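The structure under discussion appears below in the form of structure tokens.
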């Protein structure tokens with residue numbers, strides 16, 4: 001899995017049991033980093049932060065499903081000054097095991113509450129990296145992606161919205177396939193073809209490849225949900 005853009009280093013950490021990707025995002029040579037969607041396996045991520053002398057400027061959550069927030073508490077306890085950032089319409093999932101799906105797997109996972117709620121169109125500058133927040137509901141009620149559109153090679157931290165050859169599930173509570181598909185088309189496919197997408201599961205991809213090839217959302221097709 002590729003891990004870097006010219007000015008930004010993106011380090012993936014795979015977390016079982018759902019094979020979910022957490023990411024550390026940073027500019028090389030700096031101590032401040034972003035921790036994105038820390039999952040169930042936080043040990044290697046924390047070890048990496050400590051061994052490299054890195055300090056999270058923020059914990060970013062693309063959405064509130066348990067496999068993406070299970071590590072929030074451990075990161076927050078280790079770095080209590082790091083704010084938890086999540087979409088405004090997703091914040092309730094952090095503290096509700098039914099809504100974040102952990103209860104259906106016999107667990108009761110909660111996160112500390114959000115320190116910063118973001119909305120569609122917000123712009124953030126964290127750890128020296130500028131992001132635009134784009135809300136794309138459908139996999140969950142208020143999923144957001146973090147789009148670094150000002151980088152030389154733009155990239156998106158996409159959560160479970162768009163995958164290589166697929167899209168996020170929409171059969172969970174709060175899911176809506178129509179919203180998800182139209183959101184991908186209107187809020188991601190306006191980005192340049194070379195934009196890298198770092199998803200919550202599976203390999204990285206690019207906007208251009210998915211626009212041309214993804215059977216759910218590619219150009220010139222009408223997905224079954226929109227027939």
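The values are calculated or read from the model by the stated rules, or taken from the named source; none is laboratory data. Just so we're clear, the structure is a prediction, and the values are computed from it rather than from any experiment. No Cβ is skipped: glycine too gets one built from the backbone with ideal geometry, and neighbour counts run over all protein chains shown.
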note = If we ask which residues in segment 63-97 are assigned to a loop (DSSP other than H, G, I, E, B), touching a residue at least 40 places away in the same chain (Cβ under 8 Å) and farther than 17 Å from residue 42 by Cα, their number turns out to be 1
inquiry  = Any residue that is under 30 Å from residue 29 (Cα atoms), in a strand (DSSP E or B), in contact (Cβ under 8 Å) with a residue 24 or more places away in the chain and more than 12 Å from the chain's Cα centre (by Cα) - is there at least one of those in segment 157-179?
reply    = no
message = Any residue at all in segment 43-58 that's in a loop (DSSP other than H, G, I, E, B), touching a helix residue (DSSP H, G or I) at 6+ places or on another chain (Cβ under 9 Å) and within 15 Å of residue 11 (Cα to Cα)?
response = yes
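When you go through 88, 185, 134 one by one, which is the residue that is more than 25 Å from residue 56 (Cβ to Cβ) and either crowded, with 23+ Cβ neighbours inside 10 Å or at pLDDT 95 or above (or both)?
So the residue among 88, 185, 134 that is more than 25 Å from residue 56 (Cβ to Cβ) and either crowded, with 23+ Cβ neighbours inside 10 Å or at pLDDT 95 or above (or both) is 185.
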query = Of all the residues that make up segment 188-224, how many are in contact with a strand residue (DSSP E or B) (Cβ under 8 Å, 6 or more places away or on another chain), closer than 21 Å to residue 150 by Cα and surrounded by fewer than 17 Cβ atoms within 10 Å (Cβ to Cβ)?
reply = 2
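So which of 93, 116, 124 ends up being in contact with a helix residue (DSSP H, G or I) (Cβ under 9 Å, 6 or more places away or on another chain) and surrounded by 15 or more Cβ atoms within 10 Å (Cβ to Cβ)? Even if it seems obvious, please write down each step before you answer.
Details: 116 fails: in contact with a helix residue (DSSP H, G or I) (Cβ under 9 Å, 6 or more places away or on another chain); 124 fails: in contact with a helix residue (DSSP H, G or I) (Cβ under 9 Å, 6 or more places away or on another chain).
So the residue among 93, 116, 124 that is in contact with a helix residue (DSSP H, G or I) (Cβ under 9 Å, 6 or more places away or on another chain) and surrounded by 15 or more Cβ atoms within 10 Å (Cβ to Cβ) is 93.
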